[in-house]
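Asks: Dropping the structure in here first, questions after.
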Amino acid sequence: MIFTPEPGAATRPRYSMAVRISLLFVAIALVSLIFADLAITTLDPWTELGRMAWGVVTPDFFAVESIGSAVLQTIAFALVGVALAALMGFVLAQFFHIGPVRWLCAIARSIHEIFWALIFLQIFGLSPLTGVLAIAIPYAGICAKVYAETLDEAPPAALRVLPVGAPVISTFFYVRLPDVWVHIKNYTYYRFECGLRSSAVLGFVGLPTLGYYLQTAFSEGNYSEAAAQLIMFYIMIATLRLWVRPKLLGLYLVAAPFLLSGTSDIRFENIARFFSEDIVPAPLRNAEQFDAQVMADLAEWLGMLLTDQALPGIVATVVLTQIALVATGMLTLAFFPLISEKFFGRIGRTIGHVFLVVMRSTPEFILVYIFLHLWGPSMLPAIVALALHNGAIIGHLLGRYSDEIGLRPDSASGVNRYAFEIVPRLYGQFLAYLFYRWEIIMRETAILGILGIATLGFYIDSALADIRLDRVMLLLLITAMLNLVIDGLSRYIRARLKLSTRVASCQV
Amino acid sequence: MLLELQNETLGYGQEPVLSGVSIAINPGDRIALIGESGAGKSTLLGAIQARLAQQAALIPQNPGLVATLTVFHNIYMARLNQHSTAYNLLNLVWPQRREIDAVRPLVQRLGLEEKLFERAGSLSGGQQQRVAVCRALHQEADLVLGDEPVSAVDNYQSRTVLDALHERFDTVVLAMHDVELALQYASRIIGLKDGRVALDEANIGLRLSDLDFLYQVGDDLHP
C-alpha cells in the first residue's frame, strides 16, 4: 500500500455544523411524528376534492356584490392597518435602543393578528377599529424592528463630518434617512402585501373581508363562488404594482377609512369592563377580600390552567411546528429548482412561478382551512398547508438566489448539478431563511387552534367561547413567550452557524 | 496652542497603531502628515478630530456624503448647526435662494457648478471628493482636517483644492499621499513610520530625498 493514513487523520467525512443541525431538526421532527395526530377523518375526501376542483374550473364571478365587497374591504383594512403600523413603527424605531420599547415590540409581533382581533372583538365588538388595530399593532412591532435596523445602516462617515451641535431632527432627515429611505419604502410596500393576506384572514373571525365570504361559500359548499373569490384575490396581489402607485396612495389613504364597514358601536363601559373585570383572574375577581383562601384558589386556578390547557397546548404547538418546519425545508429544496435558470427553461420556469405565486399568495390560514375541509381536523392538513405556503416563499427566494451562482462552463447538469453544485452553495442561505421562518410558522401554528387543531389557539378559542377572558389573557401570554423563546433560539442557531442575522434584507 | 499630545498611545480598541506620540498644533500651522499607507495617518487625524471636533471641519477619506441627496444639500449640511430645525427641513424640501447663493461660489471654484442639483451618489469619485471639500469650506470652523483630500482628484484640480483650503483656513492638517504636493503647501511636515512619529520639522529647506526614509522598508534610518 502506497498511502497509509497518518494516525488521527480523517478516514471518514466529518459533517459540517450546518448538516449536523439539520439532522438534529429532522430527528426532532421524526420523534414529533409519534405524538402527532395525522388521521384523515372525513368519510370521502376524494369526492370533496372533486367538487372543489370542479369549483375551481367553474368559478362563479356573478356573485359580483360579495366579490366586490370582499375585495374593497380587504384592501381598505390592509391599507389603514399598515399605514398606521408604518407610522407607529417609524416613531418606535427612533426609540428602539430603549429596552422596554424593544420588548413591547417583540410581544406585539409575537401575537398573531387573529389573536389581536379576538381581543379587540371583546373590547370594540365588530367595529372597524378591531380589524385596523389587529393589523396595526403586530405590524407596528415588526416595522419598528426592521426600520430601526435599516436606519442603523445610514452612512457613518456622513454622520462623522457633521458640524458639532447640528440639531437632532435635522441630522435625522439630512443624514440618517435619505440613503435608507428607499429600503424603508420597499419594506413597507412588502408589508402592505402581507397586510392584504392578514386582512383577508381576519374575515374568519367575523370582519367583512375576504375570509368571511370564503368561509360562507365553503360552509354552503359553494365552491364556484369560493374559487372566484380566491382568483380575485390572486389578481389583486398579482397586479399590486399596477395599482399601488405613489401618486394614488394619498387618495387611497384618504378614502380607505370611509370604506371600512362594521358596526360603530364602541361603548366605553365595554372597554372599562374588559380591563377592570374581564381579564382579572376569576379567583381574584370573585374574592371579597384578599386572604389566604384567595391565594389558594388562585394557585389552583393557575395550576389547572397550566397543566390542563397550557401544557398540552404547548406540546401540540411545538410538535406541529417542528414537523411543519422540516416539511417546509424539504418542500423548499424541491420547489426552488422550479424557477431556477440552472434547471429549467423559460416555459418550465413560468409554470413554476405561477405555482409558487399561488402558494405563497394564499394565506396559510386559508390553505389550512381548505385542507381541513378535505381531511377533517388533524395535524395533517396543517402540516401540508404550512409546508406548501412557506416552502413556496423560501423556494422563491432561493430560486432567485441560485440564478446568481456562477458555474464553470463544464459543470454537471441535472441531478448532479443540483446535488454537487447548487445545493451545497445555497445551503447556508436556505437554513437562514428557514430559521427566520421558524418563528412565523410557530405563530401560525398557534392560531390554527381556532380551526380545531389542539394547539394553544384551540384552548384560547375555547376559553373565549366560554367568555373566560382571564384564561384567554394568560394563555396568550404563554403563546407570546413561547414565540419569543423560538425567536431567541433561532437567532442563537443563526449566530452559531454564522448566518446573516438580519431580517430587513430578505423579505421572508 | 490648539492642541498638545504628550507621549500618547493611539489606536482602535486594544491594538495601538501609534505610540509615544508627542505633537503640538498651533494656530496658523499648515501641517502635512506623510508616511506609507497604514502608517497611522488616519489614526492621528482621528485623534486630533476627537479633541478639536468643536472647531474643525473634516474631510474623511471616504467622502462621507449622503448619496441620495443633492450636491447642494450635502454642502449645506456643514451649516446644519447654524439654523433652526424648521429652516433646515424647509431647505431640504425647498432649497432656499440665500443658501444656494452661499454655496455657489464654492462649487464654481471647484468646477462642480453644473452638478449642484445632482445626487451626490451619481458623481465620480473625484467629484465626490471635491463635494466633501466644498462642505468643509462651507463649515464655520477654524481649522480643517483632511484625510488625503486630493487622492482621487487630478493634478490640476488638486492645486485648486489645496489653494482653496489654504486660503479659507488658517490652520490646516492634511494627510497627503503626494509628498511633492505636501512639500509645496505645508509649513510643517510630520512623518510617520513604524508606529511612531519619525519626523516633525518645519518645511524649510526640506527636500524630497529627506523624506525617502519614511517609505523604505525594514531598517530604521533616522536622518
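Any read-out appearing in this document is the output of simple, stated calculations on the displayed coordinates, not a laboratory observation. Please read these numbers as outputs of a predicted model, since none were measured by experiment. Neighbour counts run over all protein chains shown; Cβ positions are idealised from the backbone, glycine included.
Asks: Given contacts defined as C-alpha pairs under 8 Å and at least six residues apart, what's the relative contact order of chain A, whole-number percent? Don't skip to the answer; put the middle values down first.
Replies: On the way: 646 pairs, mean separation 104.8, N = 508.
Reported relative contact order: 21 percent.
Asks: Follow-up question, since we're still on this one. Taking 1 over the mean of 1/r across every pair of different Cα atoms in the range B:136-223, what Kirkwood radius in Å do you get?
Replies: Values: mean 1/r = 0.0704 Å⁻¹.
By the Kirkwood definition, the hydrodynamic radius is 14.2 Å.
Asks: Wrap a convex hull around the Cα atoms of the range B:59-185, take a quarter of its surface area, and give that in square nanometres. Don't jump to the answer; show the numbers that get you there.
Replies: Values: hull surface 29.1 nm².
Mean shadow area of the hull around the Cα atoms is 7.3 nm².
Asks: Taking 35 Å as R0, compute the FRET efficiency from the Cβ-Cβ separation of B:Phe117 and A:Ala255 and round it to 0.05. Write out the running numbers ahead of the final one.
Replies: Details: r = 35 Å, r/R0 = 1.00.
Once rounded, the FRET efficiency stands at 0.50.
Asks: Putting +1 on Lys and Arg Cβ atoms and -1 on Asp and Glu Cβ atoms, find which of A:Thr188, A:Met17, A:Val205 reaches farthest to the positive end of the dipole of chain A.
Replies: Final value for the positive-end residue is A:Met17.
Asks: Set Lys and Arg Cβ to +1 and Asp and Glu Cβ to -1, take the dipole of the range A:9-158 about its Cα centre, and tell me which of A:Cys143, A:Ala86, A:Pro100 lies farthest positive.
Replies: So the residue furthest toward the plus end is A:Pro100.
Asks: Can you give me the Rg/Rh ratio for the range A:159-274, using Cα atoms for both radii and the Kirkwood formula for Rh?
Replies: 1.16
Asks: Along the charge dipole of the range B:48-129, which of B:Gly125, B:Asn62, B:Ala50 sits closest to the positive end, that is, farthest toward it, with unit charges on the beta carbon of Lys, Arg, Asp and Glu (+1, +1, -1, -1)?
Replies: After comparing all options, I get B:Ala50.
Asks: Here's another thing I want to ask about it. Return the loop-located GluC sites (Glu not before Pro) in the range A:340-440 (DSSP other than H, G, I, E, B) with at most 11 other Cβ atoms within 10 Å of their own Cβ; answer none if there are none. Write down the numbers at each step before the final one.
Replies: Details: sites: A:Glu341, A:Glu364, A:Glu404, A:Glu421, A:Glu439; in loops: A:Glu341, A:Glu404.
Loop-located and lightly packed - A:Glu404.
Asks: Could I have the simple spin-label model distance between B:Thr68 and A:Val354, label points 7 Å from Cα toward Cβ, reported in nm to one decimal?
Replies: 3.7
Asks: If you average over every viewing direction, what projected area does the convex hull of the Cα atoms of the protein assembly as shown give, in nm²?
Replies: Values: hull surface 186.9 nm².
So the mean shadow area of the Cα hull is 46.7 nm².
Asks: Also, I was wondering about something else. When only Cα pairs under 8 Å and 6 or more residues apart are kept, what is the percent relative contact order across the range B:1-144?
Replies: Working: 167 pairs, mean separation 39.4, N = 144.
Value for the range B:1-144: 27 percent.
Asks: For the range A:141-215, what does the alpha-carbon gyration tensor say about shape, rounded, prolate or oblate, given a ≥ b ≥ c as the root eigenvalues, a/c under 1.5 as rounded, and a/b over b/c as prolate?
Replies: Numbers: a/c = 4.83, a/b = 3.88, b/c = 1.24.
The shape class here is prolate.
Asks: With the Cα gyration tensor of the range A:187-345 in hand, convert its eigenvalues to equivalent ellipsoid semi-axes via √(5λ) and list them largest first in whole Å.
Replies: Values: eigenvalues 356, 158, 57 Å².
Semi-axes from the Cα gyration tensor: 42, 28, 17 Å.
Asks: What is the magnitude of the charge dipole of the range B:107-217 about its Cα centre, with +1 placed on the Cβ of each Lys and Arg, -1 on the Cβ of each Asp and Glu, and no other charges, expressed in debye to the nearest 20?
Replies: On the way: 11 positive and 18 negative charges, 39 e Å.
Roughly 180 debye, rounded to the nearest 20.
Asks: Additional query: Assign unit charges at the C-beta atoms only (+1 for Lys and Arg, -1 for Asp and Glu), then state the dipole size of chain A relative to its Cα centre in Debye, rounded to the nearest 20. Each step should come with its number before you reach the end.
Replies: Numbers: 35 positive and 35 negative charges, 448 e Å.
Here chain A has a charge dipole of around 2160 debye.
Asks: So which of A:Lys185/A:Lys247; A:Lys342/A:Lys498; A:Lys145/A:Lys247 end up more than 25 Å apart by C-alpha?
Replies: Numbers: A:Lys185/A:Lys247 14 Å; A:Lys342/A:Lys498 27 Å; A:Lys145/A:Lys247 27 Å.
Beyond 25 Å between Cα atoms: A:Lys342/A:Lys498; A:Lys145/A:Lys247.
Asks: Let me ask something additional. Reported to two decimal places, what Rg/Rh ratio describes chain B when computed on Cα atoms with Rh from the Kirkwood expression? Walk me through the numbers before you get to the answer.
Replies: Values: Rg = 18.3 Å, Rh = 18.3 Å.
Using Cα coordinates only, the ratio equals 1.00.
Asks: OK, next. Taking the number of other C-beta atoms within 10 Å as the exposure measure, put A:Ile266, A:Ile486 in order starting with the fewest.
Replies: Details: A:Ile266 14, A:Ile486 22.
Exposure proxy ranking, most exposed first: A:Ile266, A:Ile486.
Asks: Now, a different point. Can you tell me the orientation of helix B:97-109 relative to chain B, as the angle in degrees between its alpha-carbon axis and the longest Cα principal axis, to the nearest 10?
Replies: 40
Asks: Same structure, new question: Using only alpha carbon pairs under 8 Å that are at least six residues apart, calculate the relative contact order of the range A:343-461 and give it in whole percent. Walk me through the numbers before you get to the answer.
Replies: On the way: 89 pairs, mean separation 29.0, N = 119.
After rounding, I find 24 percent.
Asks: With each label point set 7 Å from Cα along the Cα-Cβ vector, what nm distance links B:Gln55 and B:Ser19?
Replies: 3.1
Asks: Do any trypsin sites (Lys or Arg not before Pro) in the range B:135-223 lie in a DSSP loop with no more than 15 other beta carbon atoms within 10 Å, and if so, which? Don't skip to the end; give the middle numbers.
Replies: Details: sites: B:Arg135, B:Arg159, B:Arg168, B:Arg188, B:Lys193, B:Arg196, B:Arg207; in loops: B:Arg207.
Counting only loop positions with at most 15 other Cβ atoms within 10 Å, the trypsin sites (Lys or Arg not before Pro) in the range B:135-223 are B:Arg207.
Asks: Now, a different point. Write out the chymotrypsin sites (Phe, Trp or Tyr not before Pro) in the range A:281-362 meeting two conditions: DSSP loop, and at most 15 other Cβ atoms within 10 Å of their Cβ. Present the calculation step by step, with values, prior to reporting the outcome.
Replies: Working: sites: A:Phe290, A:Trp301, A:Phe335, A:Phe343, A:Phe344, A:Phe355; in loops: A:Phe290, A:Phe343, A:Phe344.
Taking the range A:281-362 and a limit of 15 other Cβ atoms within 10 Å, the loop chymotrypsin sites (Phe, Trp or Tyr not before Pro) found are A:Phe290.
Asks: For A:Arg245 and A:Asp466 in the same chain, what is the full-extension length gain: residue separation times 0.36 nm, less their Cα-Cα distance, in nm? Let's see the in-between values first.
Replies: Numbers: separation 221, 0.36 × 221 = 79.56 nm, distance 4.57 nm.
The span from A:Arg245 to A:Asp466 would gain 75.0 nm if fully extended.
Asks: Stretch A:Val485-A:Arg160 to full length: gain in nm at 0.36 nm per residue minus the Cα-Cα span? Present the calculation step by step, with values, prior to reporting the outcome.
Replies: Numbers: separation 325, 0.36 × 325 = 117.00 nm, distance 3.79 nm.
Computed gain between A:Val485 and A:Arg160 is 113.2 nm.
Asks: Also, quick follow-up: State, to one decimal in nm, how far the label point of A:Asn286 lies from the label point of B:Ser187, with both points 7 Å from Cα in the Cβ direction.
Replies: 9.1
Asks: While we're here: Taking R0 as 41 Å, what's the FRET efficiency between A:Met330 and B:His177 from their Cβ-Cβ distance, rounded to 0.05?
Replies: Details: r = 56 Å, r/R0 = 1.37.
In this case the efficiency is close to 0.15.
Asks: If packing is taken as the average count of other Cβ atoms within 10 Å, what order do A:148-160, B:95-107, A:73-85, A:33-45 fall into, highest mean first?
Replies: Working: A:148-160: 17.8, B:95-107: 15.2, A:73-85: 26.0, A:33-45: 12.6.
My ranking of the peptides, most packed first, is A:73-85, A:148-160, B:95-107, A:33-45.
Asks: Further, regarding this structure: If you build the convex hull over the alpha carbons only and average its shadow over all orientations, what do you get for the range A:268-364? Give it in nm² to one decimal.
Replies: Details: hull surface 43.6 nm².
Averaged projected area of the range A:268-364's Cα convex hull equals 10.9 nm².
Asks: List the lysines whose Cα lies under 22 Å from the Cα of B:Lys41, skipping any in the same chain that are fewer than 8 positions away.
Replies: The reachable lysines, counting only those whose Cα sits under 22 Å from B:Lys41, are B:Lys193.
Asks: Sticking with this structure for a sec: R0 = 51 Å: FRET efficiency of A:Val294 with B:Thr85, Cβ-based, nearest 0.05?
Replies: On the way: r = 55 Å, r/R0 = 1.08.
Plugging the Cβ-Cβ distance into 1/(1 + (r/R0)^6) gives 0.40.
Asks: Still on this structure: Per residue Cα convex hull volume for the range A:394-508, in cubic angstrom?
Replies: On the way: hull volume 14.6 nm³, N = 115.
It comes to 127 Å³ per residue, whole-number rounded.
Asks: Helix B:155-168 against the longest principal axis of chain B: what's the angle in degrees, Cα atoms only, rounded to the nearest 10?
Replies: Taking Cα atoms only, the helix is inclined about 80 degrees.
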